[in-house]
Amino acid sequence: MLTIDAKELYYKVLNRQIRQSLSKGEKEIRLKNILGQRYIGGGLNQEVKLIICGTPGQDLGAFMNGPNITVFGNAQDGVGNTMNAGKIVIHGKAGEIPGHSMRGGKIFIKGDVEYRAGIHMKEYLEQIPWLIVGGSAKDYCGEYMAGGRLVVLNLNEGKNPPVGGSVGTGIHGGSIYVRGRVANHQLGPGAVFTDMDADDRKFLEAALAEYAEDLAIDLKEISLNEFVKITRKGHRPFGNLYVPGMNIKTQMPKHFNLSPPCSYNCPTGIPTPVFLNLIKDGKIKEAQLLMDEYTPFRLSVCGTVCPAPCMEACSRNLIDGPVRIQELAREYYPDFNPVVSKKRRKEIISIIGAGPAGLSSAWQLARRGYQVRVYDEMDDLGGKIRKAIPRERLSDDLLNKDIDRIQSLPIRFDLGKSIDGKTFKQIYNDSDAVLVATGAHVARKINYPGGERILSGLRFLIDINKGKPIDLTEKEVVIIGAGNAGMDIACESWRLGAAKVTAIDIQKPLAFGKELELAMKLGTRIIWPKRIEKLDERKIYLDDGTDLNADIAIFSIGEIPDTSFLPESVLIDEKGYMVTAEKSFKSSDPKIYGAGDILMPGLVTNAIGSGRLAAMEIHVTINGDEFVYPDKKLVPRRKIQPLYFGGEEKEIDRCMSCGTCIFCDKCVELCPQKAISRNGEIFTIDPEKCTLCYTCVNVCPRGAIQVELFEGFGKDESKSAQ
């Protein structure tokens, strides 16, 4: 047996070593000193044995298809996530969502588990997964089960109730067996008690025998009469309900709101059609309050400097040009201060950085009643929004309107304060959570021969806004990097008197929107792909043998963060950015979060959206809940019916509400069988009348009614839907 010492090994390195060993023919590997490494055994597709000594991290055995894993210790969340075959035996406790979406194989856990054990378990033909918990399970055990067998043995009788509340919520397949008393009020919607038959007893006998052998415990004294069985209510537990977005399996059409192109492309996630529909209904303040849930920079960024990817993606481009979303954002700007929760919380959240990401987070958390403290080395608020965006594009007056609303919140600002390791440690000790949103301000440098004369693009823009511009009269300027920041530099170079401005890039330029349009209009030349070989006092020489006159050369290839003040508990990747889990803003130190450019470079709107979601993760974590990253599903363009639109007089009426049901009742009116009806916001479909003609799908102007099949309702239901 091969032994791998995992002490202080990064999870990616450990998993790479495991795979390399298996590729060399190892069939049995012992892993010692395991402490939090994630994805062990993930995706392995062979019959091998892993023996783990210690505490593995999240998603142990995720997507595995055959291995046998034994853990001598506890396990964290997501054990066996979507596993297909094999076995996981844990000689201790496990965290949340063990058996999440498992499709086959077996998971045996000796101790207790946390919330949502067996959520979304499913089965296919003869492939029936088992999840057996030796201790107790908390709330939502068996939630949305579509198949499989979930057993709670309650071996620690009296210590905890066998299960918590909402057992089997949404269950539509499979069976839950609980040893001990379960009250009626503990059952979730769609779940019922039912009598065990001979097949149930046969299964339990086999399951308990195998479980006892693997965990070396004696279960002979357990009687099958101590178990209750919980399963779904009838063949179609939710057959009478048909509402937007409900997960039903009938092979019938269903309303299913999808992300419109504008919201899908918006890094901040603003639901523009919802905002505009509220205004159409005369609910202007409600619309403005909705925007406060997404951004404090509605005027300065969304309404002014954002390159408007929402308008670029707008489906109205298919007809007569995009809805002028930025114009509407300015028109309906609020004339009131943000609403703050009346409940004041005791938790202190410290935010390092008063730029777009930091202020976005502070805005969200202060409105929810937290004690928010913001630190920044600058003497004013706004970060790059104030320091690096040219005044011609964003005046102080416009930015200050947003800043004034932020400052109306009960936030403590500590400005002009540099943060070093000692100061950060003090802030860390005084806080319940710390968000690092210091951005990226350290200029990247490429050591070309003669490159010492290249200027920092960020410093170039900051100096202009400080009133200290360099004189470019009759100078030839070359900008290295042709993104949107490069276009801002180009525009400012022209304004400062440059005779010629050229931007070069090694790839297709990333600039787009009004920044690119204005730079090109002023005469900026963009050439690519071009690689620099060297510079002298007058020229830039390229590796294709050509050269460019360059009185002034300016770097605009982005900046990297300064992370020197962070403790060693925070992992930094090889590029200098803070490391977080996928779809999370939490660092390797569970008390420290990141947002904005310290995680990855992006637009100002990316930073605002990142700050908002980081605040949401802090909020739900402090409240003991699980953070769920808001994924988006784009409505297919082919589903939008442009023929229904055109000729609207008001700008706000031009929005097509793509992917969003606005209860226009086209599906109700045009159903040839009159199978669809609506009562308020609830749609009902008569399965006896529906012939699956999909007329409703084809006539929906907005693509908000789809044909989708969902797993888990069984063969009987499939027949009943035909």
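The values are calculated or read from the model by the stated rules, or taken from the named source; none is laboratory data. Keep in mind it's a predicted model, so treat the numbers as computed, not measured. Cβ: placed from backbone, ideal geometry, glycine included. Neighbour counts: every protein chain shown. The accessibility values were calculated without ligands, DNA or RNA, using every heavy atom of the protein model including side chains. Shrake-Rupley method; radii C 1.70, N 1.55, O 1.52, S 1.80 Å.
At-a-glance table
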quantity	calculated
Neighbours by Cβ (under 9 Å, 6+ apart or cross-chain): first from segment 373-385, without any contact (Cβ under 8 Å) to a residue 40 or more places away in the chain and at positive phi; second of a type in the set (G, A, S) and in a loop (DSSP other than H, G, I, E, B)	G382/A354; G382/G355
Residue match in segment 624-638 (condition: at pLDDT below 90, in a helix (DSSP H, G or I) and charged (D, E, K, R))	yes
Positions within segment 80-100 being within 18 Å of A146 (Cα to Cα) and either open to solvent by less than 10 Å² (accessible area, probe 1.4 Å) or touching a strand residue (DSSP E or B) at 6+ places or on another chain (Cβ under 9 Å) (or both), in sequence order	G80, M83, N84, A85, P98, G99
Counted residues, segment 671-693 - those being open to solvent by less than 50 Å² (accessible area, probe 1.4 Å) and under 34 Å from the mean Cα position of the chain (by Cα)	3
Enumeration of residues in segment 320-366 that are closer than 18 Å to Y428 by Cα, of a type in the set (G, A, S) and touching a helix residue (DSSP H, G or I) at 6+ places or on another chain (Cβ under 6 Å)	S350, S361
Residue tally, condition in contact (Cβ under 8 Å) with a residue 40 or more places away in the chain and either of a type in the set (A, V, I, L, M, F, W, C) or open to solvent by 20 Å² or more (accessible area, probe 1.4 Å) (or both), over segment 345-370	14
Count of residues meeting criterion [small (G, A, S) and either part of a strand (DSSP E or B) or in contact with a Leu (Cβ under 6 Å, 6 or more places away or on another chain) (or both)] in segment 38-69	3
Qualifying residue in segment 570-589 (condition: out of contact with any Phe, Trp or Tyr (no Cβ under 8 Å at 6 or more places or on another chain) and in a helix (DSSP H, G or I))	no
Sole residue being buried (at least 23 other Cβ atoms within 10 Å of the Cβ) and modelled with pLDDT under 95, chosen from Y144, Y140	Y140
Identity of the residue in segment 537-567, within 26 Å of the chain's Cα centre (by Cα) and of a type outside the set (S, T, N, Q), that ends up farthest from I489 (Cα to Cα)	P567
Subset tally (residues that are part of a helix (DSSP H, G or I) and either within 17 Å of I622 (Cα to Cα) or modelled with pLDDT under 90 (or both)) for segment 427-450	3
Selection count where residues are surrounded by fewer than 21 Cβ atoms within 10 Å (Cβ to Cβ) and either of a type in the set (S, T, N, Q) or not in a strand (DSSP E or B) (or both), scope segment 22-37	8
Tally of residues being farther than 28 Å from D139 by Cβ, of a type outside the set (D, E, K, R) and not in a loop (DSSP other than H, G, I, E, B) across segment 590-623	12
Within segment 463-561, strands (runs of 3 or more DSSP E) holding 3 or more residues that are farther than 30 Å from R324 by Cα, open to solvent by less than 20 Å² (accessible area, probe 1.4 Å) and free of Cβ contacts under 8 Å to residues at least 60 places away in the same chain	500-504
Residue within segment 644-660 that is within 29 Å of P322 (Cβ to Cβ), loosely packed, with under 14 Cβ neighbours inside 10 Å and of a type in the set (S, T, Y) present	yes
Filter result for Y242 (at pLDDT 95 or above, of a type in the set (F, W, Y) and either touching a helix residue (DSSP H, G or I) at 6+ places or on another chain (Cβ under 9 Å) or on the phi < 0 side of the Ramachandran plot (or both))	no
Selection within segment 163-203 - assigned to a helix (DSSP H, G or I) and more than 11 Å from K229 (Cα to Cα)	N184, H185, Q186, A198, D199, K202, F203
Matching residues in segment 57-69 - criterion: being open to solvent by 20 Å² or more (accessible area, probe 1.4 Å) and either within 20 Å of L9 (Cα to Cα) or among the basic types (K, R) (or both)	Q58, D59
Boolean, R412 is within 21 Å of T268 (Cα to Cα), open to solvent by 50 Å² or more (accessible area, probe 1.4 Å) and either assigned to a loop (DSSP other than H, G, I, E, B) or in contact with a strand residue (DSSP E or B) (Cβ under 9 Å, 6 or more places away or on another chain) (or both)	no
Residue satisfying condition, being surrounded by 17 or more Cβ atoms within 10 Å (Cβ to Cβ), modelled with pLDDT under 90 and either out of contact with any Phe, Trp or Tyr (no Cβ under 6 Å at 6 or more places or on another chain) or in a loop (DSSP other than H, G, I, E, B) (or both), within set P267, P307	P307
Some residue of segment 422-439 being touching an Asp or Glu at 6+ places or on another chain (Cβ under 6 Å) and farther than 17 Å from I349 by Cβ	yes
Sole exception among (1) more than 20 Å from P590 (Cβ to Cβ); (2) over 26 Å from the mean Cα position of the chain (by Cα) for N15, by number	(2)
Members of segment 117-128 that are in contact with a strand residue (DSSP E or B) (Cβ under 9 Å, 6 or more places away or on another chain) and either of a type in the set (D, E, K, R) or open to solvent by less than 20 Å² (accessible area, probe 1.4 Å) (or both)	A117, G118, M121, K122, E123
Residue that is touching a residue at least 60 places away in the same chain (Cβ under 8 Å), touching a strand residue (DSSP E or B) at 6+ places or on another chain (Cβ under 6 Å), surrounded by 15 or more Cβ atoms within 10 Å (Cβ to Cβ) and within 18 Å of V89 (Cβ to Cβ), where the choices are L153, L131	L153
Neighbours by Cβ (under 8 Å, 6+ apart or cross-chain): first from segment 3-26, within 17 Å of G42 (Cβ to Cβ); second charged (D, E, K, R) and surrounded by 12 or more Cβ atoms within 10 Å (Cβ to Cβ)	I4/R30; I4/K32; A6/K32; Y11/R38
